[in-house]
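J.: I have a structure here, written as structure tokens, and I will follow up with some questions on it.
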């Protein structure tokens, strides 16, 4: 692995987990994965880093795992940015052409700059600018105006803005490990890179990413991003509802959700129950699959209603020709696609990362990894790729036990759960 070889590292810092993937492009254009690490997230709430010390510890553990898989150090990374204050701002821009009357790439760049010259709330910054097709003179709906002739070029832009502190806190975490943040990208943009096809984006599609702490929404139409927002709750609130509704421990509620939960109560079997061992000498509890499903369904319907309200407010409701692509850990919930289709009337499918990678890394082709794989793809296509250099150094290996192991037991009428430590259950 030479010093000049372009290798990038992507890091998804989420509410429930931190995932690191390092890779490069092979000669055949495929992505070659070199390292992969994951750790339970700490110090992050609703996608935003709140405790630098705790978040650094989680990031450090995940980065070390990825580094241990190849002979190199991760010095620069691409990361995701998300938070409750993410907003979509519309701003128009126009530019008169010079006497050549031919639209150049420089004209388009200047139009982007004009669109981004907008007054934002204090402390906010623009993370992404997306033109909603171009107009040259009276010719409308132009995806690429370069080379056309006219007197004036204009476009309506959608700007994704969020507090600058979101990125600042991430940078502080990585700087503690002597790692530079090469680029911070808005979360839905990253995941859409590997989940949505160009045809879907043109027809009109919604990316609904239901994670552990947040639910992200991105709406595409005519091939461009038209709207993005965040709902400040996700799979964690489902866990909380199970905990409260069944009066059990949080780790027991999470295990119940992951192993036996489903999104529609009517589809749950009536004759199956789960026995929860009692704590400190108390009697065990019995919870029926059907009651568990109805608890989950009630909260999922609330998430869907919040998303649908935002979709209606965006004005793009009638622009969705393809349907909804769901991703994130909660997307793995049985019967969720049927529930969303029932509630919205739109077609729904589960999003699976569309990447050509070696079979040994097939475990990465999972909705929970769509953000980090999208970041990696965008990073590899970026001319400013982070370079990981081959260096010798002492590695401090983490002895933290894996928390992605799940019990695999046949479910009969009566199921007894032997709950392990909380780190043994992956959170949605």
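Each value in this text was obtained by applying a stated rule to the coordinates, not by laboratory testing. The structure presented is a predicted model; accordingly, all values stated were derived computationally and were not measured. Note that we place each Cβ from the backbone using ideal geometry, even for glycine, and neighbour counts take in every protein chain shown.
J.: Using only DSSP helix segments of four residues or longer, with each worth -39500 (n - 2.57), what per-residue ellipticity at 222 nm results for the chain after dividing by its residue count and rounding to 500?
T.: Values: 10 runs with 123 residues, N = 428.
Per the formula, -9000 deg cm²/dmol.
J.: Follow-up. Assuming 0.890 mPa s and 25 °C, estimate D for the range 19-139 with Stokes-Einstein, Rh taken as the Kirkwood radius over Cα pairs, in µm²/s. Don't skip to the answer; put the middle values down first.
T.: Numbers: Rh = 18.7 Å.
Here the translational diffusion coefficient equals 131 µm²/s.
J.: Now a separate question. Express as a percent, rounded to the nearest 5, the fraction of DSSP beta bridges in the chain (both residues included) that run antiparallel. Don't jump to the answer; show the numbers that get you there.
T.: Numbers: 57 of 76 bridges.
Counting only bridges with both partners in the chain, antiparallel ones make up about 75 percent.
J.: Would you compute, for the Cα atoms of the range 87-161, the largest minus smallest coordinate along each principal axis and list the three values in descending order, in whole Å?
T.: 40, 21, 16
J.: Based on the mean of other Cβ atoms within 10 Å per residue, sort peptides 287-299, 141-153, 11-23, 82-94 so the most packed one is first. Spell out each step's value before the answer.
T.: Working: 287-299: 20.6, 141-153: 14.2, 11-23: 25.8, 82-94: 17.9.
My ranking of the peptides, most packed first, is 11-23, 287-299, 82-94, 141-153.
J.: Here's something else I'd like to know. Compute and list, largest first, the equivalent-ellipsoid semi-axes of the range 232-317 from the alpha carbon gyration tensor, each √(5λ) rounded to a whole angstrom.
T.: Numbers: eigenvalues 178, 42, 12 Å².
After diagonalising the Cα gyration tensor, the semi-axes are 30, 14, 8 Å.
J.: Which value, in nm² and rounded to one decimal, describes the direction-averaged projected area of the C-alpha convex hull of the chain?
T.: Working: hull surface 92.7 nm².
Value for the chain: 23.2 nm².
J.: For the range 262-369, taking Cα atoms only, what is the radius of gyration to one decimal and the Dmax to the nearest whole Å?
T.: 18.0, 58
J.: Next up: In whole percent, what relative contact order does the range 39-172 give with Cα contacts below 8 Å and a gap of six or more residues?
T.: 29 percent
J.: If you don't mind, another one. Would you mind checking the range 167-204 for residues with the amide N under 15 Å from a putative spin-label position 7 Å along Cα→C-beta of residue 116?
T.: It comes to 183-186, nothing else.
J.: Using 0.36 nm per residue of separation minus the Cα-Cα distance, give me the extension gain between residue 165 and residue 68 in nm, one decimal.
T.: Details: separation 97, 0.36 × 97 = 34.92 nm, distance 3.11 nm.
Additional length available on full extension: 31.8 nm.
J.: Quote the relative contact order of the range 87-161 in percent (integer), defining contacts as alpha-carbon pairs under 8 Å separated by 6+ residues. Spell out each step's value before the answer.
T.: Numbers: 143 pairs, mean separation 36.1, N = 75.
Relative contact order comes out at 48 percent.
J.: Something else: Please rank 382, 187, fewest neighbouring Cβ atoms within 10 Å first, as an exposure proxy. Don't skip to the end; give the middle numbers.
T.: Working: 382 15, 187 30.
Ascending Cβ contact count within 10 Å gives the list 382, 187.
J.: What does the extension gain come out to for residue 247 and residue 316, with contour length at 0.36 nm per residue minus their alpha carbon separation? Numbers along the way, then the final one.
T.: Values: separation 69, 0.36 × 69 = 24.84 nm, distance 4.15 nm.
Net length gain for the segment: 20.7 nm.
J.: Quick one: check the C-alpha center-to-center distance for the range 172-198 versus the range 53-75, whole angstrom.
T.: With the range 172-198 and the range 53-75 each reduced to a Cα centre, they are spaced 15 Å.
J.: Next up: Run the numbers on the chain and let me know its relative contact order in percent, using alpha-carbon pairs under 8 Å that are six or more apart.
T.: 21 percent.
J.: Which ordering of 197, 229, 280 is given by a fewest-first count of other beta-carbon atoms within 10 Å?
T.: Values: 197 12, 229 21, 280 4.
Ordered by Cβ neighbours within 10 Å, fewest first: 280, 197, 229.
J.: Could you list 363, 139 so that the one with the fewest beta carbons within 10 Å of its beta carbon is first and the one with the most is last? Intermediate values should be presented prior to the final figure.
T.: Values: 363 9, 139 12.
The order, fewest Cβ neighbours first, is 363, 139.
J.: For the Cα atoms of the chain, what angle does the longest principal axis make with the long axis of helix 164-175, in degrees from 0 to 90, nearest 10?
T.: The helix 164-175 is inclined about 70 degrees to the chain.
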